[in-house]
Amino acid sequence: MNLTENALKVLQQRYLLKDEGGKVIETPEGMFKRVAKAIAAAESLYGSSPEEWEERFYNLMSTLKFLPNSPTLMNAGRDIGQLAACFVLPVEDSMNSIFDTLKNAALILQSGGGTGFSFSRLRPEADIVRSTGGIASGPVSFMRIYNTATEVIKQGGARRGANMGILRIDHPDILDFIKIKRLEGELTNFNISVAVTDVFMNALEKDEEYELINPRSKAVVGRLKAKIVFDAMVESAWETGDPGIVFIDRINRANPTPHIGIMESTNPCGEQPLLPYEACVLGSINLSKYLKHSILKDQTFKFRDMRKDIDLESLSEDIKTSVRFLDNAIDINKYPIPEIEKMHKGNRKIGLGVMGWVDMLILLGIPYNHKKAFGLGWNLMRFIRDTARQASTELAEVRGFFPNFKGSIYDAPGMPRVRNATVTTIAPTGTLSIIAGCSSGIEPLFALAYKRLILDTELYEINEYFFEIAKSRGFYSDELKAKIIEKGNLRGIKEIPREIRRLFKTAHEIQPEDHIEMQACFQEFTDNAISKTINMPYRAKKEDVAEAFLLAYEKNCKGITIFRYGTAKKGTLVRFTDTD
């Protein structure tokens, strides 16, 4: 097992078992064995050998080809036993519902999960409360209560509390919601997103007004110019990174079980739309492990095509094992409340995604923003989705399809009879990618050298691929290394060949439209959604944010998150916070 120094630090702080005095009593090998044994135990439910699959699961994880979401690594084989990362809880328009949901959220956060809420059902500020004769305080006031509660929940010291708060664009309090993060210290444990409808986007295109609807009475209570609201979203996102946008109608058009309910919210980083009380277990394949050839091995290597330069046979086998792992986790999971268990076992959603994408591109000699990269991403994600869906179909033949299958989108001629209502999701893989020693999700390089803070541990990241290439091609020097460590990028360093500068472009050197193009390529074959930050330099204008929002809608993305460098307020929950 080849773990980096940073991987060991993260594992020791957050994942490995400790005694009552806080002393680490587990090795990384022991952690993977603990997880593999717990997940393989589900095999006995279906007449298979737990021992055989325990070994296969262990080999897959210990080679760092696949890692499940953090709660699985932390909790599998332990008393807590909560394995899912993503949850959505309903917030109905009553005090009982609001505070019952808060209690349930506390249990989820404490177990290492992330929670998403739509506050769209809450009556607007100053609306009538007939039971008391008073007036309502509105959704934002209750979000503050949830935020404070999250602050005091430490998630066992392993994970920071993370929430998603969503409000529909047609809620009467939408402008207050959009602007809330402009205030210092507000909702620091929340990412917030606006649920944007097709009706709104049509009104925006035509420069018209749209209706505001009171969720209590369902009555139209006002109208707003769409452009005024859009400009407010742009202003806030430009200033703080929030709100993001979720295209809620597009999300519901992809809802595999519309007969069970509609989707109103996502998990904290936006990649997992879920029905109320649903959960999802995620896992990620490390793409950098599946190359037949690379520029590190052969300086003259040029990428030809996916089938010649990527080990698709091994990748296919590991995708199938990963799907089985995640399906097993649903049966082994100890759920925080019965409603979540019923929903998760009813739809059996899993989310297999990727990490190490930019590493793969670098090793293939393809710049992140090159048309070859977009084409490879499109084809590779199609291969992953198709293989994962086939694996789910094969599982269904033995274990049965998901209980809510009848009435689902799959309950139609020509559709596969699958075990899992969804199979693919692309998560941020924040700490998972550190453990795996690879790049995160489908993001480009953040920098070639930088410091990052994981809870109380400062980690120094340096891109070893660049320095290996620099040495092999004869332009390495200690002075160059010092310069790059200071700058974090290759801009203006003329002694570096042009093709290498293009290959190692960092996130803020890549145009927003290229970020969005990459997201769109992967989204086409992702059942759920994608956690992807559209990075912008500090000098970016509000018009750039507006164009990115519109392009994401045009490109059929399910949502979009903007982050302009240097604009997060102190204490803000930055979008690439790990909730995988």
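The values are calculated or read from the model by the stated rules, or taken from the named source; none is laboratory data. Note that the structure is a prediction, hence the values are computed from the model and not measured. Backbone-built Cβ (ideal geometry, glycine too); neighbour counts: all protein chains shown.
Tabulated results
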read-out: So Lys225, is it among the basic types (Lys, Arg) and at pLDDT below 95; value: no
read-out: Pair list, Cβ under 7 Å, 6 or more apart: the stretch 450-474 residue modelled with pLDDT under 95 and polar (S, T, N, Q), other residue part of a helix (DSSP H, G or I) and surrounded by 13 or more Cβ atoms within 10 Å (Cβ to Cβ); value: Thr457/Lys9; Thr457/Gln13
read-out: Matching residues in the stretch 197-226 - criterion: being closer than 22 Å to Val88 by Cβ, free of Cβ contacts under 8 Å to residues at least 60 places away in the same chain and not in a helix (DSSP H, G or I); value: Thr197, Ile213
read-out: Filter pass, Ser294 being of a type in the set (Ser, Thr, Tyr) and buried (at least 24 other Cβ atoms within 10 Å of the Cβ); value: no
read-out: Residues that are in a helix (DSSP H, G or I), more than 33 Å from the chain's Cα centre (by Cα) and among the hydrophobic types (A, V, I, L, M, F, W, C), drawn from the stretch 471-494; value: Leu480, Ala482
read-out: Enumeration of residues in the stretch 104-142 that are of a type in the set (Val, Ile, Thr), in a helix (DSSP H, G or I) and at pLDDT below 95; value: Ile108
read-out: Output for the stretch 529-563, where each listed residue is of a type in the set (Ser, Thr, Tyr) and under 30 Å from Val423 (Cα atoms); value: Ser531, Thr533, Tyr553, Thr561
read-out: Residue within the stretch 369-384 that is touching a Cys at 6+ places or on another chain (Cβ under 8 Å), among the small types (Gly, Ala, Ser) and at positive phi present; value: no
read-out: Single match in Val418, Val358 (criterion: under 18 Å from Ser288 (Cβ atoms), β-branched (Val, Ile, Thr), out of contact with any Asp or Glu (no Cβ under 6 Å at 6 or more places or on another chain) and crowded, with 24+ Cβ neighbours inside 10 Å); value: Val358
read-out: Failed item, numbered, when Thr431 is tested on (1) in a strand (DSSP E or B); (2) closer than 30 Å to Glu513 by Cα; value: (1)
read-out: Condition broken by Ile108, with the remaining ones in (1) more than 16 Å from the chain's Cα centre (by Cα); (2) surrounded by 24 or more Cβ atoms within 10 Å (Cβ to Cβ); (3) without any contact (Cβ under 8 Å) to a residue 60 or more places away in the chain satisfied; value: (3)
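This table checks each residue for (1) surrounded by 15 or more Cβ atoms within 10 Å (Cβ to Cβ); (2) charged (D, E, K, R); (3) touching a helix residue (DSSP H, G or I) at 6+ places or on another chain (Cβ under 8 Å).
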position	(1), (2), (3)
Val229	yes, no, yes
Glu239	yes, yes, yes
Asp242	yes, yes, yes
Gly261	yes, no, no
Pro273	yes, no, yes
Phe325	yes, no, yes
Asn328	yes, no, yes
